[in-house]
Amino acid sequence: MAKRPATGRREEAQVGPGREPTFRYSALPGVADEMVDNTGAVRPVWQNFFSALNALPEKELTERFARADRYLRDAGVFYRAYGPRGTGERAWPLSHIPVLIDEREWQTLSAGLVQRADLLEEVVADIYGEGRLVQEGFLPPALIAANPEFLRPLVGVKPASGHYLHFCAFEVGRGPDGNWWVLADRTQAPSGAGFALENRVATTRAFSDIYAETPVQRLASFFGAFRDTLQGMKGGSEDRIAVLTPGPANETYYEHAYIARYLGVMLLEGEDLAVVNDRVMVRTVAGLKPISVLWRRLDSAYADPVELNQNSHIGTPGLVEALRAEAVTIVNALGSGILETRALLAFMPTICHRLRGEELKLPSIATWWCGQKAEREHVASNLEKMVIGPAYSRLPFFDDDGQSVLGSTLHSITPESVADWLNTDGQKLVGQEVVTLSTTPAWVNGQLMPRPMSLRVFAARTDSGWQIMPGGFARIGSGDDVSAIAMQSGGAAADVWVVSDKPVEIHTLLPAEGTFTRNMPGSLPSRAADNLFWLGRYIERAEGALRILRAWHARFAEAADPSQPLLADVSRYLAAVDIDTAEAVPDSLLRNIDSAVFSASNIRDRFSPDGWLALTDLAKTARRFHDGVGPGDDASHAMTILLRKLAGFAGLVHENMYRFTGWRFLSLGRYIERGLHMTRLLGHMSGPEAPDGALDMLLEIGDSVMTHRRRYNVNTARLTVTDLLALDPLNPRSILFQMNEIHREVEQLPNAFVNGQMSPFYREAMRLHSGLAVMTPETMTGEVYQRLERELERLSDLLAQTYLG
């Protein structure tokens, strides 16, 4: 890889005559730099930005960067990093200084990428169609037939839309001569477009004043045009569009959820879909509904476990058959990942001549496939200038795929051994010229430093042809070594400003006046409903545990004797529900909160950033208390803090969540769990054998102490506590209140009535509600509470069978 020379003069950026710059910036010798030319002068497109930056005190600049970081943190932007110790969510690594490119230069770059996108469309159409490129010798047969990305079941399958490619990305870099090269093509499931939007928002938080005064091309029109194209590919008014994601474990899942939310489409996983009579259907709480457009974010081979990768657990059986029937459009078409093959770059110039009769406007990085004798010998004789890696890899060499090696590191191996290696495994290997990428300013340890950079540029097919996103994002190396540009290797991402010399038009994704579609409530996927339902249950389960633990520790602080009858009795009850009072913050409480976070993480496209922040803050606080709080007063105080945070989350949900079908499942989860919680408590603590103080503790746990004093002119008694906590329809903690709310929500669910008759679930909810409504405090016995607990659990099971299967 290109290294900074040990010696050599650097040219410092000049900001104007007679002025001492606040920030000095020196480009690397012999390396093209985005901001300064080879004389050290700031390029015209950068001059206003650099002057404004130079006028800022370092303290203010640090505060501005902190503002951008805070936005990303508050918005919950993350990517999933993989390493030897497992996976984990990492904060999005923003490089705060944007990359500025002149609009005229961008137009030239865009023209080259449009040509390339058209060429790639023709290539993939030929690979899965007539196969002329192989027949005529423009592509080696082995490069296709042995390629794991070549999916034979898709041969001859024509896409319903008439196109294989609809959304592409290109890795481009600038060489020492100032010209752009294509380093890699991205056609499988290109990621980064959503992150580009977040980069833009975060960067403008830091430089809002500079951005407002700079004619920077906006990004919204790009997404608006692509959304309109997706809408135009729908089969009918009842058909739906969805982003198909591998799930929360994917490294870019945040982006999948963000894009789905931004475009207003569904976010689905393979298990959400079924193929019925060659039609792709989504399982919703109102039954199967048609899907006609899928924006695929999982690799092609995993899309159908029947005809493709049989080990896939994230695909949909029958999806290939639906493609044969032209019943669904997949963006991009299955099998298009073959275009990312590293060795294919070696053949693009001649293929362009063959298919289009013209030169490539943007050259690829120099590549030699070692399956050919002349190319193999060239690689062997120029080893010092090469990086050698897998021919079928989809990664550019700087992505640090763990399999590529620098030819310069093979000096200890004899030329004969290298030649034997290339002769033996040539078809599996490719040699690429080591490139020296251009640098761009990055803020490092309080100063501007040059760092290697590549761009990821996005192209979307629209009704008027390919449209290039005016910006995209830049990948910034963490040091001088270009191998660290990948996000997984410590690199960062920067916004890209395409700067015009005239005012730019402001676009929005808001629809024109009078043109909108209101989706019906039944569009909620069953898996999303399941996660919302269990989110409600886990949150309520955690709250119930917190209230009991707070009351227990408050009394323990007074008695300091866990064997005291009331404390011992409640400890036995808690042990039966897997809560250990020996721990100030029990592991089971953490598991319930973590389960709530997991359920919410599966529906990030339906979850507000504020709600997500509140929930994750609750989880972090609980874990901190788990490691540093002792029993008694400290634990009681910790439970109070956690209850307040949980109430904050519940308040956000209650005040801000639209009363759509998803709200009803979240609410039903809470009502059923709260009903179960109070039923179990009353059954255990309100009987004649309950120890002294149990009724008062019940009222405290039920947050009904003051209400009891106002409503009953007597001391605490079993009948009054039973009346208030079990049968009072106005007490939001009572069992009857939960049944009233369940009855009200169930009435609004899809298919509550079938052919004029109640569904089994609705009938059971009605029976349970009516049976409790006619009870009196005197008839509420331990046996009644046990039966009620079983019936509430049965109601939960019936809900799952009816809507969540």
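Can you list the residues, at least 5 places off or on another chain, whose amide H is less than 5 Å from the amide H of Trp295, using H built in the peptide plane?
Excluding prolines and chain starts, which carry no amide H, the hits are Ala242, Val243, Leu244, Val331.
Calculate one ³J(HN,Hα) per residue across segment 587-601 by plugging θ = phi - 60° into the Karplus curve 6.51 cos²θ - 1.76 cosθ + 1.60, and present them in order as whole Hz with x for glycine and proline.
Taking θ as phi minus 60°, the curve returns 4, 5, 5, 4, 5, 5, 5, 5, 5, 5, 4, 5, 4, 5, 5 Hz for segment 587-601.
I'd like the orientation of helix 58-75 relative to the chain: the angle between its Cα long axis and the longest Cα principal axis, in ° from 0 to 90, rounded to 10.
60 degrees
Highest mean first, how do 765-777, 339-351, 466-478, 69-81 rank when packing is the count of other Cβ atoms within 10 Å averaged over residues?
With the highest mean Cβ count within 10 Å placed first, the list reads 466-478, 339-351, 69-81, 765-777.
Give me, ordered by chain and number, the residues 5 or more places off Leu94 or on other chains with an amide H under 5 Å from its own placed amide H.
The list, which skips near neighbours in sequence, is Ala493.
Suppose we take every Cα in segment 536-676 and form the convex hull; what volume per residue is that in Å³?
96 Å³
To the nearest 10 degrees, how steeply does helix 526-559 sit against the main Cα axis of the chain, on a 0 to 90 scale?
The helix 526-559 is inclined about 50 degrees to the chain.
With every protein chain left in place and a probe of 1.4 Å, what is the accessible surface of Glu375, to the nearest 10 Å²?
Surface open to solvent at Glu375 totals about 60 Å².
Would you mind checking Lys234/Lys289; Lys373/Lys428; Lys361/Lys428; Lys59/Lys620 for any pair whose Cα atoms are more than 20 angstrom apart?
From Lys234/Lys289; Lys373/Lys428; Lys361/Lys428; Lys59/Lys620, over 20 Å: Lys361/Lys428; Lys59/Lys620.
Express in whole angstrom the spacing between the alpha-carbon centres of segment 759-801 and segment 234-312.
Here the two parts' Cα centres lie 37 Å apart.
Output ³J(HN,Hα) for segment 357-362: one whole-Hz value per residue in order, computed from phi by the Karplus curve 6.51 cos²θ - 1.76 cosθ + 1.60 with θ = phi - 60°, and x for Gly and Pro.
Values, residue by residue: x, 8, 7, 5, 6, 10 Hz.
With a Cα-only, solvent-free Debye model of segment 255-371, what are the log10 I(q)/I(0) values at q = 0.14, 0.18 Å⁻¹?
Taking Cα atoms of segment 255-371 as identical point scatterers yields -0.73, -0.94.
I need the per residue convex hull volume for segment 582-624, using only the alpha carbons, in cubic angstrom as a whole number.
Normalising the Cα hull of segment 582-624 by residue number yields 48 Å³.
Cα axis of helix 253-263 to longest principal axis of the chain: angle in degrees, 0 to 90, nearest 10?
Approximately 90 degrees, to the nearest 10.
Using a 1.4 Å probe on the protein chains only, how many percent of the accessible area of the chain belongs to carbon and sulfur?
Result for the chain: 50 percent of the exposed heavy-atom area is carbon or sulfur.
Order Trp368, Trp421, most accessible first, counting only protein heavy atoms with a 1.4 angstrom probe.
The residues order as Trp421, Trp368, largest area first.
Could you state the accessible area per residue of the chain in Å², with a 1.4 Å probe and every protein chain left in place?
Dividing the accessible area of the chain by its residue count gives 42 Å².
Counting only residues 5 or more places away or on other chains, whose amide H sits under 5 Å from the amide H of Asp304 once H atoms are built in the peptide plane?
Asn309, Thr316
I'd like the Karplus ³J(HN,Hα) series for segment 638-654: coefficients 6.51, -1.76, 1.60, θ = phi - 60°, whole numbers in Hz, and an x wherever there's a Gly or Pro.
4, 4, 5, 4, 5, 5, 5, 5, 5, 5, x, 4, 4, x, 4, 5, 5
I need the trypsin sites (Lys or Arg not before Pro) found in segment 604-677, filtered to DSSP loop residues with at most 15 other beta carbons within 10 Å of theirs.
Listed in order of number, the matching sites are Arg659.
Quick check: from the Cα gyration tensor, does segment 670-710 come out rounded (a/c under 1.5), prolate or oblate?
Here segment 670-710 falls in the oblate category.
The values are calculated or read from the model by the stated rules, or taken from the named source; none is laboratory data. All of these numbers come straight from a predicted model, not from anything done at the bench. Don't worry about glycine lacking a Cβ; one is built from the backbone with ideal geometry, like all the others, and counts go over all protein chains shown. Keep in mind that these areas ignore ligands, DNA and RNA; they rest on the heavy atoms of the full protein, side chains included. Shrake-Rupley method; radii C 1.70, N 1.55, O 1.52, S 1.80 Å.
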